[in-house]
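A.B. asks: The structure under discussion is supplied below as structure tokens; questions concerning it will follow.
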Amino acid sequence: MRILFIRPPYTRLRDSGQLPYFPLGIGYLASASKDLGHDVRILNLDNPSPSENLYFHKKDVFYSRKQAQERYWESVRDDSLPVWKELREVLAAFNPEIIGISILTPEVASSVKVTKICKEMLPEVFVIWGGVHPTYEDKSSLDFAGVDVVARGEGESIFLNIAHALSEDRCWKGLPGISYKTNNEFVRNQDACLIENLDELKNPLRSELYFPERMHPLAHGSIITARGCPWRCAFCTSRDFWKGKVRFRSAKNVVSEIKEIKEKYKIKVFTFWDDTFTIKKEFVENFVEEILAQKVDIMWRTATRADVLDEQLARKLRKAGCIHLELGLESGSERMLKIIKKDIDLKMVREGLKIIRNADIRSGVFLMTGFPEEIREDIEETRKYLSTIEPDEIVLNIFDPMPGSELFKTCRDMGLLPDPVDWEHFPLWPLKHYAPYIPEETFRIMVLELAEHIFQYNRKFSNLMHDFYMKIPMLLGDPVGTARLLRRKFRRKFLS
């Protein structure tokens, strides 16, 4: 069958945000589908055309969150934008029989738009929604016109079972892992089993991508080595999504994919998107041995937790090419760390950063504020704590409740979310205030002060030099893409 996997536009419609990356989730689905003989394509609608002047400066992106979100909703309604023309052209040319759309909560509005266009042009096409948001909001997802079925959780076996049934004109309604409506009645089948051996999965399909020239070569260096997380962070869905299990690829399997990407795309910088890269010491040691034994010259970044890192392990990561390692801090308040069930303490993070620094690896910490039970003193303690540690980069995020997380339920219980939620217009901060124990204006001022402190810190000469060191191979590896980004920055700064 002809199958089209779609990544809905989000950053592109906001006109600001993070640089485009290769969508690993649908990459794995596409690879599995092609392996069974289906005709497969990937359409990443979040990749802008060269003429679109997107902006990625972290500071400006942070300060323009409200305007960016409003631009997103306006863009969803604007049929004249290039992104919707591209979608229509691809649908007309490829004429898919099945369309799979992978969706995060902020992308619901554009996903509804994509589904509407697909059904208008191809009324008989079978549309499957998957990803984190439909997994937890399967019933409300099926309320949107044109959504035929929701695939919940790990999608490879679920999607292939649906495609196989449709290709043989068999009934698919008894398959595990799906939700659907029949005679206007909602049906949720039993969960599907997780894949036991991740080495059985084919590498993500990076070749069947529409508009491949838009993908920065380094975006292809996105990899995962495992699926799952055993920790219980209240703001996150990962533990529940993967049913509390962690499954690992073999080190040989991961290194084989790295070599394949390196050869095909001529890159040496990679990002491991694992929840916690050093969760299994045995895997890390095997991975390092494989990298060194096969003399694979790469530079890479990833994230972990302070409580699963030691001096010996960090030195091994550095030997294997790790140049940037980030830790989840979230808050400098011990009270908040307990409330959000981070299961670490501030001493652990401080020691973890020392370990990273001693291993000659660039360090970073993730910070989050705006939790529903946070008070002013928690933010003040976070600010004070930051002055006692010296990471090379601090990344600030503002809490927004995501379906499936414990704090989403907390926000509902506290009356911070309507019931039902209007998912097409789900308000992110600062359009919505989720920290009721701090007056909204006070919170806004405190967050902007904290953000300014962090931006100034990240611009310290030593931190900028570390950052530049990491970006050198990126600049040299894609001179055309680099020139394009510099031109966009120039136009935004001097011509807009």
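Taken together, the values in this text are just the output of simple stated rules run on the coordinates, not laboratory data. Remember, predicted model here, so these are calculated numbers, not experimental data. We place every Cβ from the backbone using ideal geometry, glycine too, and count neighbours over all the protein chains shown.
A.B. asks: For the chain, what does the equivalent ellipsoid look like in terms of its semi-axes, each the square root of 5 times an eigenvalue of the Cα gyration tensor, given largest first in whole Å?
C.D. replies: Listed largest to smallest, the semi-axes of the chain are 34, 28, 24 Å.
A.B. asks: A 32 angstrom limit on the alpha carbon distance is what I want to check against. Which of K268/K338; K264/K347; K409/K460; K34/K173 exceed it?
C.D. replies: K268/K338; K264/K347; K409/K460
A.B. asks: Would you work out the charge dipole size for the chain about its Cα centre, treating the Cβ of every Lys and Arg as +1 and the Cβ of every Asp and Glu as -1, and quote it to the nearest 20 debye?
C.D. replies: 1420
A.B. asks: Find the centroid of the Cα atoms in the range 235-265 and in the range 87-132, then give the distance between the two in whole Å.
C.D. replies: So the separation of the two Cα centres works out to 27 Å.
A.B. asks: Now for a separate question. Rg over Rh of the range 82-157, using C-alpha atoms and the Kirkwood radius, what does it come to?
C.D. replies: Taking Rg over the Kirkwood Rh, I get 0.95.
A.B. asks: Over the chain, what is the relative contact order in whole percent, taking alpha-carbon pairs under 8 Å and six or more residues apart?
C.D. replies: For the chain, the relative contact order is 13 percent.
A.B. asks: Still on this structure, I have one more. Is there a quick way to get the dipole size of the range 2-188? I mean about its Cα centre, with the Cβ of Lys and Arg at +1 and of Asp and Glu at -1; what is the value in debye to the nearest 20?
C.D. replies: Computed charge dipole of the range 2-188: roughly 420 debye.
A.B. asks: Under a cut-off of 17 Å between alpha-carbon atoms, report the lysines in cross-link reach of K116, not counting same-chain residues fewer than 8 places apart.
C.D. replies: Straight-distance partners of K116: K85.
A.B. asks: So for the chain: antiparallel DSSP bridges make up what percent, rounded to the nearest 5?
C.D. replies: The answer is about 15 percent antiparallel.
A.B. asks: Follow-up. Which whole-number percentage describes the relative contact order of the range 221-480, with Cα contacts under 8 Å and a sequence gap of 6 or more?
C.D. replies: 17
A.B. asks: Another question about this same structure. Over the Cα atoms, compute the radius of gyration (one decimal) and Dmax (the largest Cα-Cα distance, rounded to a whole number) for the range 333-388, in Å.
C.D. replies: Both quantities, over Cα of the range 333-388: 12.4, 37 Å.
A.B. asks: Two-decimal Rg/Rh of the range 2-188 from alpha-carbon positions, Kirkwood Rh?
C.D. replies: My calculation puts Rg/Rh at 0.97.
A.B. asks: With a 10 Å Cβ neighbour count serving as the proxy for reagent exposure, in which order, fewest first, do I42, I355 appear?
C.D. replies: I355, I42
A.B. asks: For D400, D35, what's the fewest-to-most ordering of other Cβ within 10 Å of each Cβ?
C.D. replies: Starting with the residue having the fewest Cβ neighbours, the order is D35, D400.
A.B. asks: Moving on to the next point. How big is the range 318-434 by Rg and Dmax over its Cα atoms, in Å?
C.D. replies: 16.5, 52
A.B. asks: Quick one: compute a quarter of the convex hull surface over the Cα atoms of the range 221-480 and quote it in nm².
C.D. replies: That works out to 15.2 nm², a quarter of the Cα hull's surface.
A.B. asks: Here is a further query. Along the charge dipole of the range 188-292, pointing to its positive end and built from +1/-1 on Cβ of Lys, Arg, Asp and Glu, which listed residue (C233, H216, V255) has its Cα farthest out?
C.D. replies: Farthest towards the positive end: C233.
A.B. asks: Ranked highest first by the average count of other Cβ atoms within 10 Å around their residues, in what order do 148-159, 357-368 fall?
C.D. replies: Highest mean packing first, the order is 148-159, 357-368.
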